[in-house]
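Written out below as structure tokens is the structure these notes cover.
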Amino acid sequence: MLHTRTTAAERRRALRERLASGRLLRVPGAINPISARLIQDTGFDAVYLSGTVLAADLGLPDIGLTTSTEVAARAQQTTRVTDLPVLIDADTGFGEPMNAARTVQLLEDAGLAGLHLEDQVNPKRCGHLDGKTIAPREEMVRRLRAAVDARRDPDFLLMARTDARSVEGLGAAIDRAKAYVDAGADAIFPEALADEAEYEAFRKAVDVPLLANLTEFGKTPLLDTRTLESLGYNIALYPVTLLRLAMGAIEDGLRTIATEGTQEPLLPRMQTRSRLYELLGYADYAAFDSAVFDFTLPPGT
């Protein structure tokens, strides 16, 4: 009730242990705190907070317009309601290495289990768009070292994302990943790999946990979990799937109301009132104070 029953430290250790198990972790991206609860209830391994989703929630494109404090505030709202570890997209660290250091501590304080920093320059762009500009390798190494120095909880996961594949080629992306591991990255997020052969090449070259970014309508094939397990990957990430599903349903619903003059045809597609209340834990609040739960649901809800 009101908040999760686990501490941030416990969730960070849980993420480390799950990564060390060698099995593939399935990690959908939440669109808001309650969707994180639903991810937990459905049996997934962790929750992700995507920079694209956080920006879109504010009506902004994913080009580095959000701030570290905005992201940390949204993250804290999410970590408050789920016992799953939460991993967040920290873009480029929101500035110079000192800004990246501050970002690490803000996100630690927000209860997250880890973050990833990328090697783009600002203004950044979605990893599956053309025209990206990559920071010099030495600059990204400084960014990562600042993050490592700023980290207070050694279980807080620091992941490095490289966008070099579509700019400098696969070999350069692998070389960068190795340098980032040497700088202290605990895991690697190779963005926009083109096919299974490239996934395999990364796994052979890099001996830390690897993340597969399974974003829709991008440059990467939507590999299934069996394939990713055979390739030796550790995290299957579905960063924007829930946002796309929700926005598609909202658009369809609005069109139906506009043309039909009623939402009645949409009822079979809606989450019921009773399911929403179950997800929110109304009964727990009732046990705490019956005055907040002194009503009955209408039939059929």
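The values are calculated or read from the model by the stated rules, or taken from the named source; none is laboratory data. These numbers were taken from a predicted model, which means no experiment stands behind them. Because the Cβ atoms are built from the backbone with ideal geometry, glycine has one as well, and the counts that use them run over all protein chains shown. Only protein heavy atoms, including side chains, enter the accessible area calculation; ligands, DNA and RNA are left aside. Shrake-Rupley method; radii C 1.70, N 1.55, O 1.52, S 1.80 Å.
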Contacts under 7 angstrom Cβ, first residue in the stretch 133-150 being assigned to a helix (DSSP H, G or I) and surrounded by fewer than 21 Cβ atoms within 10 Å (Cβ to Cβ), partner at pLDDT 95 or above and β-branched (Val, Ile, Thr), 6 or more apart: 150/104
Which one is nearest to residue 27 (Cα to Cα) among residues in the stretch 85-119 that are in contact with an Asp or Glu (Cβ under 7 Å, 6 or more places away or on another chain), outside any strand (DSSP E or B) and of a type outside the set (D, E, K, R)? 92
All but one of (1) part of a loop (DSSP other than H, G, I, E, B); (2) in contact with a strand residue (DSSP E or B) (Cβ under 8 Å, 6 or more places away or on another chain); (3) not β-branched (Val, Ile, Thr) hold for residue 36; state the number of the condition that does not hold. (1)
So, first residue under 13 Å from residue 140 (Cβ atoms) and open to solvent by less than 10 Å² (accessible area, probe 1.4 Å) in the stretch 86-97, second residue of a type in the set (Asp, Glu) and part of a strand (DSSP E or B), Cβ within less than 6 Å, six or more apart or across chains; the pairs are 92/118
If you go through the stretch 57-67 one residue at a time, do you hit one that is in contact (Cβ under 8 Å) with a residue 60 or more places away in the chain, open to solvent by 10 Å² or more (accessible area, probe 1.4 Å) and small (Gly, Ala, Ser)? yes
Residue that is open to solvent by less than 10 Å² (accessible area, probe 1.4 Å) and either assigned to a loop (DSSP other than H, G, I, E, B) or of a type outside the set (Phe, Trp, Tyr) (or both), where the choices are 236, 197, 172: 236
So which residues in the stretch 206-219 are outside any strand (DSSP E or B), open to solvent by less than 40 Å² (accessible area, probe 1.4 Å) and within 16 Å of residue 22 (Cα to Cα)? 206, 208, 209
Among the listed residues 222, 276, which satisfies the condition of being open to solvent by 30 Å² or more (accessible area, probe 1.4 Å) and in a loop (DSSP other than H, G, I, E, B)? 222
Do we have residue 203 as in contact with a Gly (Cβ under 6 Å, 6 or more places away or on another chain), at pLDDT 95 or above and either at positive phi or open to solvent by 40 Å² or more (accessible area, probe 1.4 Å) (or both) here? yes
